[in-house]
1. Please compare each pair in Lys114/Lys236; Lys35/Lys354; Lys290/Lys354; Lys35/Lys365; Lys254/Lys384; Lys35/Lys236 to a cut-off of 19 Å on the Cα-Cα distance and tell me which ones are over it.
2. From the square roots a ≥ b ≥ c of the eigenvalues of the alpha-carbon gyration tensor of the range 153-205, which class results: rounded (a/c under 1.5), prolate (a/b over b/c), or oblate?
3. If I model the range 24-100 as equal point scatterers sitting on the Cα atoms and use the Debye formula, what is log10 I(q)/I(0) at q = 0.11, 0.18, 0.22, 0.25 Å⁻¹?
4. Just to be sure I understand the model, the point goes 7 Å from the Cα along the line to the Cβ. What's the resulting Asn194 to Ser399 distance in nm?
5. Arranged from highest to lowest average of other beta-carbon atoms within 10 Å per residue, in what order do the peptides 347-355, 60-68 appear?
6. Grab the other residues whose beta carbon is less than 9 angstrom from that of Asn215, score K and R as +1, D and E as -1, and report the net.
7. What does the net charge come to around Ser107 if you take all other residues with beta carbon closer than 10 Å to its beta carbon, with K and R at +1 and D and E at -1?
8. Could you give each residue of the range 475-485 its phi-based ³J(HN,Hα) in whole Hz, using Karplus coefficients 6.51, -1.76, 1.60 with θ = phi - 60°, and x for Gly or Pro?
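Readers should treat all values here as calculations from the given coordinates under stated rules, not as data from a laboratory. From a predicted model like this one, the values you see are computed outputs, not experimental measurements. Cβ: placed from backbone, ideal geometry, glycine included. Neighbour counts: every protein chain shown.
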Amino acid sequence: MKLKILIFFSFLLSSNLLLAQSGYYEDAYRFSHVKANGSSRIMGIGGTQWSIGGDVSNIAGNPAGLGFFRSSEASISIGYSDWGVNTTYLDQGRSYNTSNFNLPNLSYVMANPKDGLSRGAFKGGAFGISIQRLANFNTEYGFYSDEIGNTSIIDFYLQDANGIPETQIESFGLTGLAYSTYQINPVFVDDNGNVIQNPTSYDSFVTGFPFQDENITQEGSSNQITFAYGANFNHKVFIGGSVGIRNLSFTSRKTYNEEFPDGPLINSSLSERLYINGAGLNVNLGLIYKPIDYVNLGFTFQTPTWYAFNEEYEASMFAEYDNYEFEPENITLGRVEALSDYIVGSYNLNTPLKIGGGATFFLGKNGFVSADIDFVDYSNSNIKSRDFDEGPDNEAIRSTYTSTLNYRFGAEFRFDIFRIRGGYAYYGDPIANSDFDRSTNQISGGFGAKLNKFSIDLALINQRFDGLYSSYQVLDAQNNNIGPVTQLENNIFTGMLTLGFSF
C-alpha cells in the first residue's frame, strides 16, 4: 500500500532532509512534537508551568497545580496565528504566509478546598477539564525557479524502477505512474541486440534538465480534552494526575511541476493528497513541593500518547509531449495522464514519554521568576500496522531522531492589579548527526489585569526555526542525495487573549 508510494512522498512532505524507506517515520516526529501550551498568562512567560500552581494551564500541564485553587474558575482563550515561511532554492527566494483564528484553550476548574480549621494533612483539591489546542499544522511553502535544475524527477523514477519487472512496474506507486505516462520506459534489447523478456531496467527518451517548481499546503491541528485532579497536603505537597484524550487531523496537498525547454517532453506535473485523522490517549502525573513559602519545585511525568490513525492517499500525474513519435508502440504522444489507486489504511503510533521539572521563586507579592526543563527522546517512538511492514520506518526512527532537552524561563511582575510578563523557550534539534540546526527559539511577552472575580490576559509569542525540504532523492556514486534541496525559514507569530472568571 502506501509504503511504496511514499518512497517519493516522504521527501515531498518533509520539512527536514531525511532519508528512509517510507513516510511514516516522519509522522513519529510531526505528531509527537508538542510545544508548551496554556493560557495567555502561561504563554506570556514562555510556556513555563511545571512549578506554577493556580492556573487553568495546570489541567493539561502539571495537574498538581490544581491543588492551589481556593475558588472555582472558568476561562476561554482566543488566538490568532500567522505562519510565515521564506524559502530559498538555487539562490532564489520566495515567501508564504498562512493565518488563522482559533480557540487554543477552554477550561473549567471546580475547587473544593477544606476549611482552614480542618484537621488532617489533606487540605482539599480541585477537579479540572479543558479543551486545548496542542499543535497547528496550517502552513504553505514551496519554491519556484527560473534557473535550470541539476536533476529531474525522472532521475528518481529511473533509480527507483531499477530491478522491477515490467509486469509489476505499473502498480509500483508514483514510479508506476511515471511508467504509465511514458516518462520512463523498459529496455527491451540488450547490448548484443537480443530481446529481453519482461525487462527490469529502464531508460528515458527525455533529455536535458528542467525548470522546477512546487507548492505544498498543509492543514489541520491536534487537540486534547483533559480530565485532571490535584490535591493539597498541608499547603506543602501538591499531587495531581490527568487523562488526556487527543484527536488529530492532518491534510497535505502538493503539486510538483517540471518544464523542459528543449522537448520532447514539454512539461509534467505530479499532484498528491494525503489525509490522516485519529485519536490518542495519555496519562500525566505531577508533583509540586514547597520547601519554603517563596519557592515551588515541580515535576511531571507524561506517558506516551497511544495513537490510532486512519489515512487516505491518492495521486495523479500528467505529461505533455510535443507530438513525440514513440516507435516501440507506434503512437504519437501528446497529453498523457495517470491516476493512482485510492488508498486507505491504518496504523498505530506510540509517541515518546516526557519528563519535566521546574522551579519558581516568588518575589514576595511583586511577582515571580520561573524555569522549566523537559527531556524527550524521539527515537523511542514506535509504529505498528497490519497494512504495511513498519520495520523500515521504526529503523529510520531509531537512526534519524535523537533526544532533546527543551527549556523555558519567564517572569511576571505585579503592579497593583496589573501584570507584565516576558519569557523565552528553546526546543532542541530532534535530528541526530546533522550539521543543520533545526532547533526552535521562542520569545514571548504579555500583560494582564486581575480584578476580584475577573481577569484578562494578553500574550504575544514569536517562534523561529529552520528546516530543509527535499522534493525527491537522486543518489550519486557515494550514495549522497543530489536532488533539489530547499531551505526553509519559519516564523510563527501568535497572539492570545484569555478571559477568566472566578466564582
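1. Values: Lys114/Lys236 15 Å; Lys35/Lys354 12 Å; Lys290/Lys354 23 Å; Lys35/Lys365 29 Å; Lys254/Lys384 26 Å; Lys35/Lys236 29 Å.
Exceeds cut-off: Lys290/Lys354; Lys35/Lys365; Lys254/Lys384; Lys35/Lys236.
2. Numbers: a/c = 2.16, a/b = 1.60, b/c = 1.35.
It comes out prolate by the Cα gyration axes.
3. Computed log10 I(q)/I(0) values: -0.48, -0.90, -1.05, -1.14.
4. 3.6 nm
5. Numbers: 347-355: 20.1, 60-68: 30.2.
Result, highest mean Cβ count within 10 Å first: 60-68, 347-355.
6. Numbers: positive: Arg253, Lys254; negative: Glu140, Asp213, Glu214.
Neighbourhood net charge equals -1.
7. Values: positive: none; negative: Asp55, Glu73.
After counting each charged neighbour, the total is -2.
8. Per-residue couplings from phi come out as 9, 8, 5, 8, 6, 9, 6, 10, x, x, 10 Hz.
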